[in-house]
Amino acid sequence: RNHGTRGKECTGHVDRIYHTVTRKKFPFLGGIVDRFEILPLSVRICCVMIGALWKFYMLYLSVRFISEYESSIRSSSTLHMDLSVENNTVGVEAANHTVSQDEESSSYLYQQAQQEPLAVLTETIDSNVDEDPPLRVIHILTSNAEYQNGRRDTVKGVDRLQEVVIPNLVSSVTTMISPPYNYHVDVYLILAYKLKPDRRLLIEKALPEGVGLDVWDDAMPIGYNLPEHDGVSEIDRSLARQHRFVMKDKLEYYDFFSAFEDDMRITGGHISHYLEVSAELDRIHDEAPDKLPKEAKYPDDEQFHGPMSKVQTRRLIPGFIRAEVLDEASIKSLKSNPDTILPVDLEFDLEDEDGTITTQHRTFDPVPCCNVSDVATMSANPRHDEAMLWETGILGANVRQLPKSSTSSKSEILDWVLLQSGPIIARNQKYIGGYWSGRNNAFGPDVEKPSPKTPKYFAQQGGWMATREQLIFMHNYECFAGIFPPYDPPQYNNDGLFSNNVEFWSGGLQVYGGLYAGCNMQRVISLHPDHFSKHFLYHTSNNKQKGALLKDRVMKVNDFYGQLNSVVKAARRNIEQEKASATVL
């Protein structure tokens, strides 16, 4: 008020605002101020001090929250965003690692044994560490029932936990921790039911020494099954979602993540092969050009060989197909598959180290997937013609010759590959073309190429696996809706519980498919006779072959392989024709 006319105007303006706030808009606030002014001076000073302390306390809490939040996401976000795509694979040579005999922490889960989270990512295959630690694997199994319910050709009341889950789990894990792999393995069970202490003890006693166990029982999600429902209920189909929470929670403590249904047999050989193929894909990606022209799509002259760009090769990932062993009744009743119009050609043209092409008669090898000698209820020494599949077929097959890596010592692994169905990519730089089995009217002029989202050719895997770096890459770059929770709109409804089924979460529809929340990762399967069989997983329940709905889709893996070889030979002839035409021009 003592600073002239301008000071008086400013003071008057402040008084008007004060009057408006305390007398007109918020009269209760004016009442509080009036009572405050009649308080003794000492009380007013005390109130001001309390208010100031409260502000400082809230500021402290805010700073602490921000600090802890940044610390919790630094390794899983900031650090990972800096991770180059070229180094997104755990070392293949982890298969040769050995576990120290005095490693006491091997009997506990890593998140319990370590007080501090890891500060660095997994070492790559080029690591110069003198003694590499064993590959740390978390094997996640999801189980919907403790006892058989009588459906799908099962006997109601049979102890599923003891008859199916435990034998399969122990057999799988034993192969992982044994030579030549020697992986460090912990098991995480996600159960729809409450596991009693004596039942848990059965699992603990059955698991090999040094294998950790953690259990999330009674894990069935509860929510609104449909938007119009008023009451909540258990949502069976979404039990398969729960492994995503486990993956996110354990991301910093493991190098490799395997999440499957409880009757899928996953071996150390499967993990080793996955890592080996991933390493080869990384080498191809490293040498790929940054950009190439868009590839043509069918029915145009779709590209199925030649160079690929980095945006294409970074989408490639190893794939698998489920298989069962035919029982005697199924062998007798098995009829010709409607897709068997193509010849079954088991004469393979293979290139030797010196470049010489030789022809060899080869068949599907059932040993990597389906030879289980340590479980009485499973198959032992199945023949090559006893393995069957039901979730894909030759009509939906596309093959491609991948570029060769100049630095690979095993380039034959990924010469010709099967591109599995699923991705839905528009005609842009990410699109990866293939040679369709029905090209040049191989199935007749009226047969159209199936859509990549046709369920009967998708080959859902009953689960999926990935390295930590692959999970981070997919979540940050390829999966626009993310693969980890939270599952928010608009891509997800009701926390992902509405509409999304088992196949979406654990069968691979999201990761390998191109629907509304799909990641469009392109699975590849080596067609080399030494490696093709390693891409098959044993469905140990062995009951798909008995379902009436699938009878017309069941076919022998060996027949499917021979048909794929026919498609590759047709593709090679097409390449020769292209070269001849180019020479003439």
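Annotations for the structure displayed:
- Matching entry among V170, V165 (being open to solvent by less than 70 Å² (accessible area, probe 1.4 Å), at pLDDT 85 or above and touching a strand residue (DSSP E or B) at 6+ places or on another chain (Cβ under 8 Å)): V165
- Residue match in region 288-309 (condition: in contact with an Asp or Glu (Cβ under 8 Å, 6 or more places away or on another chain), farther than 15 Å from K404 by Cα and open to solvent by 40 Å² or more (accessible area, probe 1.4 Å)): yes
- Considering region 207-264, the residues that are among the hydrophobic types (A, V, I, L, M, F, W, C) and open to solvent by 40 Å² or more (accessible area, probe 1.4 Å) include one that is nearest to G482 (Cα to Cα), namely F245.
- Of all residues making up region 240-264, the number that are under 16 Å from Q460 (Cβ atoms) and either hydrophobic (A, V, I, L, M, F, W, C) or over 14 Å from the mean Cα position of the chain (by Cα) (or both): 6
- Only one entry of L213, L169 meets the criterion of being in a strand (DSSP E or B) and in contact (Cβ under 8 Å) with a residue 12 or more places away in the chain, and that entry is L213.
- Test: L195 is touching a Phe, Trp or Tyr at 6+ places or on another chain (Cβ under 7 Å) and modelled with pLDDT of 95 or more: no
- Within region 465-491, residues that are more than 26 Å from I321 (Cβ to Cβ) reach partners that are acidic (D, E) and open to solvent by 10 Å² or more (accessible area, probe 1.4 Å) with beta carbons closer than 7 Å, at six or more positions or on different chains, in the pairs Y487/D495.
- Filter result for the condition that a residue is more than 24 Å from T175 (Cβ to Cβ), at pLDDT 90 or above and of a type in the set (S, T, Y), over T363, T392, T356: T392
- Contacts under 9 angstrom Cβ, first residue in region 276-298 being closer than 16 Å to G433 by Cα, partner among the acidic types (D, E) and surrounded by fewer than 22 Cβ atoms within 10 Å (Cβ to Cβ), 6 or more apart: E295/E302; A296/E302
For (1) over 32 Å from the mean Cα position of the chain (by Cα); (2) assigned to a loop (DSSP other than H, G, I, E, B); (3) of a type in the set (F, W, Y), each residue gets a yes or a no:
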residue	(1), (2), (3)
I331	yes, no, no
D349	yes, no, no
D354	yes, yes, no
P368	no, no, no
N381	no, yes, no
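- Which numbered condition I190 fails, given (1) assigned to a strand (DSSP E or B); (2) touching a residue at least 60 places away in the same chain (Cβ under 8 Å): (2)
- Members of region 561-579 found to be at pLDDT below 95 and either of a type in the set (D, E) or surrounded by 22 or more Cβ atoms within 10 Å (Cβ to Cβ) (or both), listed by number: E576, E578
- Selection from region 330-349 of residues that are open to solvent by less than 60 Å² (accessible area, probe 1.4 Å) and either under 21 Å from S437 (Cβ atoms) or at pLDDT below 75 (or both): S333, L334, N337, D339, T340, L342, D345, L346, F348, D349
- Of the residues examined, D130 is one that is of a type outside the set (F, W, Y), over 22 Å from the mean Cα position of the chain (by Cα) and either at pLDDT below 70 or under 26 Å from K248 (Cβ atoms) (or both).
- Qualifying residues in region 135-162 (those that are under 30 Å from E252 (Cβ atoms) and part of a loop (DSSP other than H, G, I, E, B)) - the one most open to solvent (accessible area, probe 1.4 Å): N144
The values are calculated or read from the model by the stated rules, or taken from the named source; none is laboratory data. Computed from a predicted model, the values in this text were never measured in an experiment. In this analysis, Cβ positions are derived from the backbone assuming ideal geometry, glycine residues included, and neighbour counts consider all displayed protein chains. Side chains included, ligands, DNA and RNA excluded: accessible areas come from the protein's heavy atoms. Shrake-Rupley method; radii C 1.70, N 1.55, O 1.52, S 1.80 Å.
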